Structures are given as structure tokens and as C-alpha cells.
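Okay, so here's the structure we're looking at.
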There are 4 protein chains.
Amino acid sequence: MKKREVQSSVKDEKLVQIRRDQMIKGAVTLFKQKGFHRTTTREIAKAAGFSIGTLYEYIRTKEDVLYLVCDSIYDHVKERLQEDLEHKQGTLESLKLGITNFFHVMDEMQSEVLVMYQEVKSLSKDALPYVLKKEIEMVGMFENLLNKCIENGELDLTEKQVKIIAHDIFVQGQMWGFRRWALRKLFTLEEYIELQTELLFKGIKKYEMSNK
Amino acid sequence: MKKREVQSSVKDEKLVQIRRDQMIKGAVTLFKQKGFHRTTTREIAKAAGFSIGTLYEYIRTKEDVLYLVCDSIYDHVKERLQEDLEHKQGTLESLKLGITNFFHVMDEMQSEVLVMYQEVKSLSKDALPYVLKKEIEMVGMFENLLNKCIENGELDLTEKQVKIIAHDIFVQGQMWGFRRWALRKLFTLEEYIELQTELLFKGIKKYEMSNK
Amino acid sequence: MKKREVQSSVKDEKLVQIRRDQMIKGAVTLFKQKGFHRTTTREIAKAAGFSIGTLYEYIRTKEDVLYLVCDSIYDHVKERLQEDLEHKQGTLESLKLGITNFFHVMDEMQSEVLVMYQEVKSLSKDALPYVLKKEIEMVGMFENLLNKCIENGELDLTEKQVKIIAHDIFVQGQMWGFRRWALRKLFTLEEYIELQTELLFKGIKKYEMSNK
Amino acid sequence: MKKREVQSSVKDEKLVQIRRDQMIKGAVTLFKQKGFHRTTTREIAKAAGFSIGTLYEYIRTKEDVLYLVCDSIYDHVKERLQEDLEHKQGTLESLKLGITNFFHVMDEMQSEVLVMYQEVKSLSKDALPYVLKKEIEMVGMFENLLNKCIENGELDLTEKQVKIIAHDIFVQGQMWGFRRWALRKLFTLEEYIELQTELLFKGIKKYEMSNK
DNA sequence: AATGAATGAGCTTTCATTCAT
DNA sequence: GATGAATGAAAGCTCATTCAT
């Protein structure tokens, strides 16, 4: 999918990248504290370390900042996940590793993800589908892991089962970030991962047996 | 937990209730369409059928409206759930019924729930804990169902397992409302319920067996 | 032609009229001094005697103020003209009276007219035709006076001649307002009127004679 | 009258001339479309074919561009007129030729002239008198033509009559450019010239006769 | 001489809230 | 108790101008 371009009046691509990184970093901090709507463009500029005029040299509307933030978060999450998932695919071990990694990423990027989920709907009709597509891609990564296990004979699941389990994993990961105010009181991250995977694997293996 | 009071300059309690109901009804419709921040108090007043001056006779700040809306949504959801859960508790059937009902409620109240989750963070430090408490109560309802089954000898789960399963059910329900843009393409509500409960029950029963 | 409506959030028509009159009065003064573009909405509000918020209760955009100003100027000019033109039409006297009155009005409303001519093109595609129509109506008033004289046998002009003479009169009137920086040094208003009408009447009568 | 200087930090006079010509050409196009105020300096620079930094090497303020544009338009008009008026002065023919030429120039340069008249007031107190002087010079050209005819015995007019007729001719010329939205529907340029000169000459000759 | 990134004052417009009627 | 006109702080965004390269 082609990157959705955000217009900039500055030509130097390198500089655009630098400034936008500053902008995103500042914006995420602010959005975490007060949300997108309560954050002003002036505050974003200040947090990024430049003037309001300069901010608008690199974006066209405030919403562009939100899009850039969402886009950057997805890219980071995806990158972090792909790092770990390249080796030994097709085993239940690799599946568990994938889940563990994902939950860790969600823990680390908790507030970024929180920001994204609470502000996504403020994106315009233009930017929204692009962001949703990215999410589907991420769910797709878990589908891949599951399908590899099926090909490898380690699991036996219907297509729909694969789909729903991938969604469940994804949502459980987000849940750790989203609902940490409740979950942190009950479990450590390690406990959470252990309990969720145990529950999942028992559910999965049971399928496997019952389909034999 | 004592209801968090929202100040009103009108004394007649009955009238306050009537006006607030009008207000909430109008506000929910608007929040669904454009979110809390993009909805103006004037619009809320108009949708409620009275003037902006009157609106402010029944609340003190715009945020009060949000609180009232969230509160009312929770009450509705809870009420709908309790309707169905009063009978034949302690059986796996009743648990499945509880889940099924919850998922249906989430389907029906999808946009209300969406509104709530995306706007909760706009609540003041004052109102937030009250709303979160309500959510814990709802998760607690699933814990209850599970514990009844354990007392009844139908399940054998640790306390932590109960907690996490209750959360999972709750989040899977929300997920149907939240991520319906993705899920609707893959499953009908009935399929979704069937797949999720099947997966859950296999996971649970396995526990049961392995603990024997 | 139906009045082009300018939206107001205030319902009380009487009040709208009062506030808009204040607004127009203030705006004309400012536009005279600095033109439309260099005048800020805050200045307009202040000159009108109310707050910026109140200003925007009675208009929707800054351009609305310009439209209101133009509209009001035309109405005043037209009203002033019609006052005098009701009696003894069809004589050369009445024509001369009409011209004299028009030139006097242009003298009195000099700066208003100047404002209008320099800012009209800032009107949106929406408002412009409405204003131009008003101008054509005013030229039409001189065509009427001329045609009445023709019907009365006092003049003998072709249709095209009537058109161009009406335009000439109109433009000569404006010219007194427009170019007063140059004309005032050369003539008094009375002299100007005398010279222009003398020149015109000789031109007209000559036609009359040559067509006989 | 000494040219009003516009400061430039570039020393090379030749280059200054080149760059300013590019600038004026671009600016006129833009001013025609959107007026002086709605045109940005960036757009002017771009239309001129160089950067915003370079633009400011050749002017000091945006207003300088307007001045340069007005100045250039006047020069063009004047030049075009003088071309034609050098020969056979002092006859009514030459007067008619002068008028005809002027009206043609006004037709050709219609939008430039329109720009000038609508934006002149945006000139600073400093530049304005200089531009107005130019206009007086142009009116003066018609005074000259008339006076030549008087010297030649072809006309017999008072000084004031000469002045007002020169103004009338000038304004009628502008009117063709200014009010072309109305006039074009009624007359071709040739018709317009014919009607106006016929009317004028009859008025003038009548004077002539009546003064005998 | 040419460039264009940076600046920030200043613009138009919105909207939660108040208060006289 | 109901109304809605008035308020003004504050928002998003623009653009003439500067200056280091």
C-alpha cells in the first residue's frame, strides 16, 4: 500500500524526516497527557522545539499530526514484531514467542497505543482507511504464524478459527495496554502472558484433538 | 457506591430526571455522529429540545453531559445483562447464556459503547474513577457466573484464571462493537459467539480435566 | 429580486436590524480609512460597540459584513434618488433634477461609494451578481427618465443612445466621488453639475434636432 | 517628475530591471485573478520564476510590488497613447483618433487597469501621490489635444470646459474597462466609441456655436 | 546573487458559559 | 424555570519578512 502523503512546503526530504520525528515525539507526549483535542498546535510546535510557523511548514492541518503519529506508532510496532518473528516459524514455540513479543511491545508502547485507539476516529474519512489497513496487516501477522503451524502439522484449525484466534491475540495484547489500570492490579505482565497463552493453547490443542 | 452527583440549579427532582433524559438521548445521538469534542452544547440543547440556557440549569459544564451519558450507558448495559442472568446460575449453560446475552447487548449498543470508550478519557479526574468502577462491576458479573460454576463443581479454576477469563469475555464482547468494521466481514454475530464460546469452553474444560 | 439572506443566529428580527446597522456604520468608517482587507473583524466589532463574539452572532463570515455594507449603501442611494424623482417626470427639467440629485447624493455618500467600488470584487461569486444587479437597476432609473422624455416628445433618441447616456450620467456621478481628489481642485460641485449637464443637454438636443 | 525609487540590495541595474520585469509580469497575472491582498509574496516569486528570497533582494515590501505594477501599467498606457498622438495634432480628426486609441488601449489593458483602480488605495501615503500624478498627466494629454484644437480655431471652449471634457473622456475610457460586464452586453467596442464620440462632438460643437 | 527554512504577529472564527429578562 | 443574546478566551492557520548558507 502506497504511503498516504502529507504535504510539506519544505523540499529537503531529509529535513522533513527530522522535523516530523521531532513533531511526532512531542505530539505523542502531549496526546498521552491530554488527548488530541485538548492539545493545541502551538503546544505541539513548542514540544517539538520549533515555532508554530515552522510546524505548518511540515504539515497542512492539525489532523496531519494525528495521522503522522498513528502511522509512526504502527510502523514501530510492526518493526518490533518482525524483528523477532523471522526465525523458526511453524512451531508452537514460535507462536508463543510471537505472542510474548507482541504483549511486550504493547506493554512498552502502552501509552502510544492508547493514544491511537482513542483518537483514531478523529481522523478524516481520508486517512482512516489507511490506518485501519495497517491494523489488518498486523492481525495478518498472527494469521501467518497460525497458518505456518497448520502447514507444519502442529495445529489443525479451520480458516475461520484462524481468523478469530488472530483477532483474539491481537485484542488481548491491546487489552494489556488499554486496561492496564485494571489488569496491573491483578497480574504482572509475565503472569498475564502465561495465563493467556496457557488458556489459548489448551483451547487450540483441544480443537486439534477433536478434529483428529 | 454512591452516585456521583451532578449539580443542578433546578430543585424539582422529577423534572431534573426528565430533562436529563432528554439531554442524554440527544447527546448520545450527537456523540455517535461526531464525538464529544466536535459536538457543541448548543447542539445538545437543541437535540434535547430546549434552549442553551435551560441546558445549563441542569448541568454545570459540558463534561457533566459526558459523565451523564457514560453513566446512563453503563446502567443500560448492566440492566440488560441482569435481566437475563437471574435464573439457573451455576451451570455451564447459564455461563454460555450470559456470554451470548452480553455479546448481543454489545451488538445492539455498539455505537453507545464506542462513544464511551473513545471519550472516557475526556472525563475529569473527578468523574473517571467512578466510571471505571462501573466497568469493574461489569467484569465482576462474569466472575460471579464463573465462581457459581466452580461452587457448583462444573469448573475448576484458580482465582487468577477466573479473573483473566472474565476480562477476556468482557473484552471479546467489546471487541465485537469496537472492531466490527473488521469482524463483520468475517463472521455473523451468531458465528462469532459460537466460535468464541467454543474456543473458551475447550480451554476451560481442559483446565478442569488437567486439574483432576 | 429577493434579498440575499445573511444568516444570523439571533432570532429577534428587530434586534438583528439594530445590531447590523451598528455594524455597518462602524464598518463603513473603517473601510473608508483602511479598506476591507486591512480592517479586522475585531475592529469592526469594537467600532460597532460590541464584542467579537456578538459580531459573529449576526453574520457568518467577514465577507458578510462587506455584503451588508454594499447592500446598505445601494439602498440608501436608491432611496435618496426615488424621493426626488416621483414628480413631474417626462420633462427635461425633471431629467436635470434627477441628475442634480444624483450628483448630490454621490457627493454626500462619496466615501461610502468609494468603499463599495474598491471592495466589490472581494465579494464572493455568490454575492457579487446580486450587487451588480442593484447597479443595473440604478442605471435603469436614468433610462426611465430618458424614456419618459422620449414618450413625452421632449427627446428623440435611439435605444442604444438611451443606454449609453444613462451609463454616462451614472459614471459621471461616481466620478465626482471617485476622482474628487482631482476634481475638487478644479470645480465646485455646482460648477461640475452645471458643466456636465450643459454638455450633455447640448449633445442630446443636437441629436433631437438632427433626427427631426 | 523623478521616478520614485524602490530600494534593491542588488547593485547591477540591468539585472534589477530584468528581475523586476519578471516580477511585474507574474504579479499582474496574479493580481488580475485574486487581487493584491489575496496574492502572497510566495506566489509572486513563483510566478516570476525565482525564490522568495530572491524576490526580497529586489524589493523591500510587498507594497513595492504593487507600486511597481501600477507604475508599469501607467507607463504602458502612456507609451501606447503617445505612439499614436504625435502626428497631425490640432484637428478634430486627431482628437477623435486620440479618443479611439485610448478606448482601444483601455480595452486591451482592461484587467490591468481594473487591477490598478481597485488596488491603488492599498498604496502607502508615500507612493500614492506619485501614482495620482501619473493619472493627471494622462488626463493632461487630452487637455493638450483639446487645446491644440482651440489654438487651431477648430474649437472654442473655456478652460474649465476643457478640463471637464478631458476628464469625461478619460473616465469614459476607463468605464469601458471597468464596467465591461454591463457594457459588453449592449455594445461592441466600435459602437461604444462611435456613440460616445458622436455624443461628445455634438456637445462640443454646440458649445462652439453658442460661443460664437 | 540566490535560496528557502524559520519565524511569530496577527488573522478569522468558534463555543462554553453567564445573566438579565 | 426558561430563554437566548452577549461575552471573550482561545483555537487553527497564514504569510510577510529575515537571514544563515
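A compact table of results
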| item | result |
| --- | --- |
| Residues within the range C:188-197 that are closer than 19 Å to C:Asp168 by Cα and either part of a loop (DSSP other than H, G, I, E, B) or polar (S, T, N, Q) (or both), tallied | 2 |
| Filter result (surrounded by fewer than 19 Cβ atoms within 10 Å (Cβ to Cβ) and more than 8 Å from chain B (Cβ to nearest Cβ)) within the range A:184-196 | A:Arg184, A:Lys185, A:Thr188, A:Leu189, A:Glu190, A:Glu194 |
| Filtered residues of the range C:23-60 (kept if touching a Phe, Trp or Tyr at 6+ places or on another chain (Cβ under 7 Å) and either more than 22 Å from C:Glu5 (Cβ to Cβ) or within 8 Å of DNA strand E (Cβ to nearest atom) (or both)) | C:Thr39 |
| Scan of the range C:1-31 for residues that are polar (S, T, N, Q), in contact (Cβ under 8 Å) with a residue 24 or more places away in the chain and in a helix (DSSP H, G or I), ordered by number | C:Gln22 |
| Among the candidates A:Asp107, A:Asp75, A:Asp71, residue that is within 23 Å of B:Val120 (Cβ to Cβ) and not hydrophobic (A, V, I, L, M, F, W, C) | A:Asp107 |
| Pick from the range A:15-35, criterion loosely packed, with under 15 Cβ neighbours inside 10 Å and within 14 Å of DNA strand F (Cβ to nearest atom), ranking: nearest to B:Gln118 (Cα to Cα) | A:Lys34 |
| Hey, A:Gly98 closer than 18 Å to A:Glu137 by Cα and more than 16 Å from DNA strand E (Cβ to nearest atom) or not | yes |
| Those helices (runs of 4 or more DSSP H) lying entirely in the range B:109-183 with at least 3 residues surrounded by 20 or more Cβ atoms within 10 Å (Cβ to Cβ) and of a type outside the set (Gly, Ala, Ser) | B:110-119, B:128-151, B:159-178 |
| Residues (of a type outside the set (A, V, I, L, M, F, W, C) and at the interface with chain A (Cβ under 9 Å from one of its Cβ atoms)) located in the range B:128-139 | B:Glu135 |
| Pair list, Cβ < 9 Å and 6+ apart or interchain, from the range C:147-170 residues that are at the interface with chain D (Cβ under 7 Å from one of its Cβ atoms) to residues that are of a type in the set (Ser, Thr, Tyr) | C:Gln161/C:Tyr207; C:Ile164/D:Tyr192 |
| Check on D:Phe142, in contact (Cβ under 8 Å) with a residue 24 or more places away in the chain, within 24 Å of D:Ile204 (Cβ to Cβ) and either hydroxyl-bearing (Ser, Thr, Tyr) or more than 12 Å from every other protein chain (Cβ to nearest Cβ) (or both) | yes |
| Odd one out for C:Phe103, checked against (1) touching a residue at least 60 places away in the same chain (Cβ under 8 Å); (2) under 28 Å from D:Arg38 (Cβ atoms) | (2) |
| Any chance A:Lys3 is surrounded by fewer than 18 Cβ atoms within 10 Å (Cβ to Cβ), modelled with pLDDT under 95 and within 16 Å of DNA strand F (Cβ to nearest atom) | no |
| Every residue from the range C:69-108 that is of a type in the set (S, T, N, Q), closer than 16 Å to C:Leu145 by Cα and in a helix (DSSP H, G or I) | C:Gln82, C:Ser94, C:Thr100, C:Asn101 |
| Failed condition for A:Leu81, given (1) at pLDDT 90 or above; (2) in contact with a Phe, Trp or Tyr (Cβ under 8 Å, 6 or more places away or on another chain) | (1) |
| All positions within the range A:36-57 that are outside any loop (DSSP other than H, G, I, E, B) and away from DNA strand F (no atom under 11 Å from the Cβ) | A:Lys46, A:Ala47, A:Ala48 |
| Output for the range B:58-98, where each listed residue is within 16 Å of DNA strand F (Cβ to nearest atom) and free of Cβ contacts under 8 Å to residues at least 40 places away in the same chain | B:Thr61, B:Lys62 |
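The values are calculated or read from the model by the stated rules, or taken from the named source; none is laboratory data. The structure displayed is predicted, hence computed values, not measured ones. All Cβ positions, even for glycine, are placed from backbone atoms using ideal geometry, and neighbour counts span all protein chains on display.
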